[in-house]
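Reviewing the structure listed below.
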Amino acid sequence: MTERYTAAPMTWSVAGDELMTWGYDAQLPGRLLRATAGDLVEVTIDNQLPEATSIHWHGLAIANAMDGVPGVTQADIEPGAQFTYRFVVPDPGTYWFHPHHGLQLERGLYAPLIIDDPDEHVVAEADYVLVLDDWLDGTGTTPEEEYARIRTAGMEMGDMSDMDHNSMEMASSPLLGGDSGDARHPFHLINGRPLDDPATLDPLPRAGDRVRLRFINASADTAYRVAVGGHRLTITHTDGFPVEPIDVDAFLIGMGERYDVTLVVESGAWPIVALAEGKDQRAGTILRTSDTKPGRNVLFEATELDGVWLRYADLIAHERVRLEPPVDPISIDVALTGGMMKTDWGIDGRSYGEHLPIELEAGRWYSLNIANDTSMWHPIHLHGHTAQLGRAAGGVRKDTVNILPGVTTELVFRADNPGQWMLHCHNAYHLEAGMATVLRYGGDA
Ligand code: C2O
Ligand code: CU
């Protein structure tokens with residue numbers, strides 16, 4: 001399969017405003033890339049941006065040279081230059097791609113990537129992709145300006161007394177263990193559309209159809225609590241990999257995470273609601289069945305948002321994808337460090353650039369014990385591998401995991417894909433500040 005994407009400045013209309021931003025082929029999200037597991041994928045990226053770029057294939061365990069991290073796995077793709085990524089897609093599932101360059105992801109440079117399973121076990125009459133995004137670019141600010149604002153706000157906060165501090169209004173959420181995010185986003189989008197101009201999933205499903213919804217959180221600084229009015233959800237996959245199906249009312253999705261859910265849709269027009277967790281803002285899309293007339297006003301409310309929500313502890317890997325780690329994988333302790341006041345987010349007290357790479361040996365099993373020593377949650381992403389969450393047999397497999405303050409999370413995996421792989425926070429501003437390191441090993445796994 002051969003595809004071509006052009007990264008370039010573009011305008012995108014949100015709620016009647018023409019916003020200047022950057023994107024792929026003037027679309028938001030970038031056009032869906034779809035292949036089947038085992039396919040050879042060839043994507044040429046034409047860089048028409050005023051700065052260098054790259055593409056990272058988030059969640060795919062592909063050859064290291066195709067992983068898209070400038071300075072680690074490839075050279076920058078300079079303005080005016082092209083680069084062709086060429087790789088075999090190993091695992092089916094819901095993925096996405098985006099640059100690994102500064103704050104470019106916080107613009108419109110992202111697109112969904114669906115790898116179909118030749119041996120699919122989830123039966124659905126309809127299949128939709130929903131990409132969630134917090135949006136600020138072109139609304140009178142840029143990601144770089146917002147980053148500068150966050151740094152200044154952090155410094156001022158550091159200078160304040162405890163009393164001032166307590167009276168500060170912070171975006172906060174019990175589900176996230178405190179501060180939910182630091183950036184200010186005027187809009188939250190699903191598939192490029194804000195709440196007051198929502199899309200309707202197309203083509204319309206029939207009443208009674210089992211539909212599959214694939215959620216991707218492409219945002220920079222926002223976790224979403226997701227629910228569908230009038231329906232319970234069956235969680236079937238996370239981060240591309242299948243889980244033992246589990247029914248919930250709502251789930252939380254951090255930056256970089258993916259969830260596939262199914263539901264049997266009842267006749268009507270239903271709100272799909274993504275609540276920006278701890279931020280009192282939301283995004284929405286309409287799920288309308290073909291027997292229902294358009295135009296009925298859909299309220300983006302859902303009591304399900306406050307119902308039974310999914311916890312990681314509920315997730316079990318589907319037997320098709322269970323790992324069999326040894327009882328005693330080699331433990332490596334990793335600490336998430338720093339804070340907002342100095343914007344010194346880092347790993348083991350160092351920011352990226354001063355990081356000490358974590359050396360592994362090919363073929364061995366590891367447990368990364370990641371301790372969140374900060375006062376804020378972080379969605380931590382490991383490149384090139386899908387790890388088991390925790391040591392217990394049958395643990396769910398993920399590539400991105402939300403780690404709450406004070407919590408230690410174990411990521412268990414086999415070093416079976418040699419190269420240099422990033423481990424980092426998927427909050428775009430925390431990554432920019434340096435919450436990243438590299439795992440590396442050579443040789444044959
Ligand atoms: Cu989706 Cu290193 O990122
Ligand atoms: Cu973070």
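We did not get these values from a lab; they are worked out from the coordinates using the rules stated. Note that the structure is a prediction, hence the values are computed from the model and not measured. FYI the Cβ positions are ideal-geometry reconstructions off the backbone, even for glycines, and counts take in every protein chain you see.
If the stretch 267-317 were replaced by its equivalent ellipsoid, with semi-axes equal to the square roots of 5 times the Cα gyration tensor eigenvalues, what would those be, largest first, whole Å? Could you put the intermediate results ahead of the total?
Values: eigenvalues 134, 50, 14 Å².
Three semi-axes, in Å: 26, 16, 8.
GNM, the chain, Cα, under 10 Å: largest mean-square fluctuation among THR139, THR292, THR222?
THR292
Could you tell me the distance between the Cα centroids of the stretch 55-115 and the stretch 302-332, to the nearest Å?
Here the two parts' Cα centres lie 26 Å apart.
Evaluate E = 1/(1 + (r/R0)^6) for THR2 and MET157, where r is the Cβ-Cβ distance and R0 equals 60 Å; express this FRET efficiency to the nearest 0.05.
0.75
Given only helices, namely DSSP H runs of n ≥ 4 each adding -39500 (n - 2.57), what is the per-residue ellipticity at 222 nm of the chain, to the nearest 500 deg cm²/dmol? Write out the running numbers ahead of the final one.
Values: 3 runs with 29 residues, N = 445.
One gets -2000 deg cm²/dmol as the mean residue ellipticity at 222 nm.
Of the listed peptides 104-115, 6-17, what is their order by residue-averaged count of other C-beta atoms within 10 Å, with the highest listed first? Present the calculation step by step, with values, prior to reporting the outcome.
Working: 104-115: 24.8, 6-17: 16.1.
Ranked by mean Cβ neighbours within 10 Å, highest first: 104-115, 6-17.
Which residue fluctuates most in the GNM of the chain (Cα springs below 10 Å): ALA313, ALA65, ALA302?
ALA313
Could you work out the local net charge near MET20, counting Lys and Arg as +1, Asp and Glu as -1, over the other residues with Cβ closer than 12 Å to its Cβ? Provide the component values of the computation, followed by the final result.
Working: positive: ARG107; negative: ASP17, GLU18, ASP137.
So the surrounding residues net to -2.
Of the beta bridges DSSP finds with both residues in the chain, what % are antiparallel, to the nearest 5?
Here the share of antiparallel DSSP bridges comes out near 75 percent.
Compute the Cα gyration tensor for the stretch 322-441, then decide on rounded, prolate or oblate, letting a ≥ b ≥ c be the square roots of its eigenvalues: rounded whenever a/c is under 1.5, prolate when a/b is larger than b/c in the other cases, and oblate in all that remain. It would help to have the intermediate numbers written out before the result.
Details: a/c = 2.11, a/b = 1.52, b/c = 1.39.
Verdict is prolate for the stretch 322-441.
Using a 7 Å offset from Cα along Cα-Cβ at ILE316, what residues in the stretch 356-389 end up with backbone N under 19 Å from the label point?
388-389
Taking the Cα centroid of the stretch 347-413 and of the stretch 222-273, what is the distance between the two, rounded to the nearest whole Å?
25
Over all distinct Cα pairs, what is the inverse of the mean 1/r for the chain, reported as the Kirkwood hydrodynamic radius in Å? Show your work: numbers first, answer last.
Numbers: mean 1/r = 0.0452 Å⁻¹.
Hydrodynamic radius (Kirkwood, Cα pairs) of the chain is 22.1 Å.
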